[in-house]
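First up is the structure itself, then whatever we jot down about it.
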Amino acid sequence: MNESLLESLPVGLRELARQHLPDKPVHIPTPEERDERERELSRRLTKQMETQKAMVYLDKSLWPAGIPISFTFGDWKPNKQPDQERARAIGNQAWTIAKEATKNGAFNVALLGSPGTGKTSLALAIADKLKQDKSWSWMFVSTTELKSLVEAQFDAYDVKSKLANVKRAMTEVNVLILDDFGTEGGLVSRINEPGYKGAHAKLQQLMYEVANARYNKQDKMTIITTNNTTQELERIYDPKIISRLVTQNKAHRIAFNGMSDVRAMEG
């Protein structure tokens, strides 16, 4: 309170005012400060809603054997590979892809090579980077688990409902990892046999609808990891599906040539 105003009060009221009123003047926010507080509150609420939405998609993930896994670029260890220089280059390419998507928007990515070479790990690292840099949601789908779900839907209503929720999440989520894409088609020797008919018709339909919904969207990145060649994938699925999912852009295709099976070495 203003000191001159205090002095104008009777002694008793003056002392009472000094005991109960703040020493410093109360700050009344300006209109600009109130606007900034409202903007900050809005940013916090938006961030909270994005986090909650991201968790909804992640909860729809289909993990191998139902066990979630995680990986970041900090976990990539080139020294685990005999060809450390090549492993370092692969990690750098994945990092560059994540940074490009952060700056320019989404595109499809393909990680190709033998089992155990780190394809899934770097797919997860790219998704994690985009979650950090752009607050993008992501989910992981093991295509083997997806195939089992598609086949089981005819035996149980709850499975059919779960599959519908998974499919919707696959079409909506920002970053979709399709892991071990092609393994649901069976052994390579079987795929190349005359008369091979490809993946289950219901799985084909689901994949087409997901691929079509995500195709060429600036906020939809589909990351494929596969042990199969493009020719093998086109025997498993309709080529229209493959063309929408598996990029042919060399900058967005990571070939794990020369990489060893780290899981086998650790085992």
Just need a number here: residues in region 131-160 that are crowded, with 16+ Cβ neighbours inside 10 Å and closer than 19 Å to Asn108 by Cα. 10
Which of the helices (runs of 4 or more DSSP H) contained wholly in region 152-223 include at least 3 residues that are under 17 Å from Leu245 (Cβ atoms)? 157-172, 201-214
Step by step: first the residues of region 54-70, then only those that are farther than 16 Å from Asp128 by Cβ and surrounded by 14 or more Cβ atoms within 10 Å (Cβ to Cβ), then the one that is modelled with the lowest pLDDT. Which residue is that? Val56
Could you give me the residue pairs with C-beta distances under 9 Å whose first residue belongs to region 142-154 and is in the same structural domain as Gly66 (by TED's automatic domain parsing), whose second residue is assigned to a loop (DSSP other than H, G, I, E, B) and not hydrophobic (A, V, I, L, M, F, W, C) wherever it lies, and which are 6+ apart or on separate chains? Ser142/Ser61; Ser142/Asp180; Thr143/Asp180; Thr143/Gly182; Thr144/Asp180; Lys147/His200; Val150/His200; Glu151/His200
Just give me the residues in region 236-267 being within 13 Å of Phe181 (Cβ to Cβ) and in contact with a helix residue (DSSP H, G or I) (Cβ under 7 Å, 6 or more places away or on another chain), in sequence order. Ile236, Tyr237, Ile241, Ile242, Arg244, Leu245, Val246
Kindly evaluate Glu193 against the criterion of being acidic (Asp, Glu), buried (at least 18 other Cβ atoms within 10 Å of the Cβ) and without any contact (Cβ under 8 Å) to a residue 60 or more places away in the chain. no
Is one or more of the residues making up region 71-91 in contact with a Gly (Cβ under 7 Å, 6 or more places away or on another chain), assigned to a loop (DSSP other than H, G, I, E, B), surrounded by fewer than 18 Cβ atoms within 10 Å (Cβ to Cβ) and touching a residue at least 60 places away in the same chain (Cβ under 8 Å)? yes
Is it the case that Lys99 is under 12 Å from the mean Cα position of the chain (by Cα), in the same structural domain as Phe256 (by TED's automatic domain parsing), among the basic types (Lys, Arg) and assigned to a helix (DSSP H, G or I)? no
Please find, within region 28-53, the residue that is farthest from the chain's Cα centre (by Cα) out of those that are at pLDDT 70 or above and either part of a loop (DSSP other than H, G, I, E, B) or closer than 30 Å to Ser161 by Cβ (or both). Ile28
Cβ contacts < 8 Å: first residue touching a residue at least 40 places away in the same chain (Cβ under 8 Å), restricted to region 117-133; second residue buried (at least 22 other Cβ atoms within 10 Å of the Cβ) and of a type in the set (Asp, Glu), any location; separation 6+ or different chain. Result? Thr120/Asp179; Ala123/Asp179
In region 196-227, how many are farther than 21 Å from Phe107 by Cβ and buried (at least 18 other Cβ atoms within 10 Å of the Cβ)? 4
Could you check region 228-260 and list, in sequence order, the residues that are surrounded by fewer than 14 Cβ atoms within 10 Å (Cβ to Cβ) and assigned to a loop (DSSP other than H, G, I, E, B)? Thr229, Gln248, Asn249, Asn257
Looking at Leu187, Leu176, Leu163 in this structure, which one is among the aliphatic types (A, V, I, L, M), surrounded by 14 or more Cβ atoms within 10 Å (Cβ to Cβ), free of Cβ contacts under 8 Å to residues at least 60 places away in the same chain and over 25 Å from Ala101 (Cα atoms)? Leu163
Among (1) modelled with pLDDT of 95 or more; (2) in contact with a helix residue (DSSP H, G or I) (Cβ under 6 Å, 6 or more places away or on another chain), there is one condition Val159 misses while meeting the rest; what is its number? (1)
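The values are calculated or read from the model by the stated rules, or taken from the named source; none is laboratory data. Being a predicted model, the structure only gives us computed values, none of them experimental. Ideal geometry is used to build each Cβ from the backbone, glycine not excepted, and the neighbour counts take in all protein chains shown.
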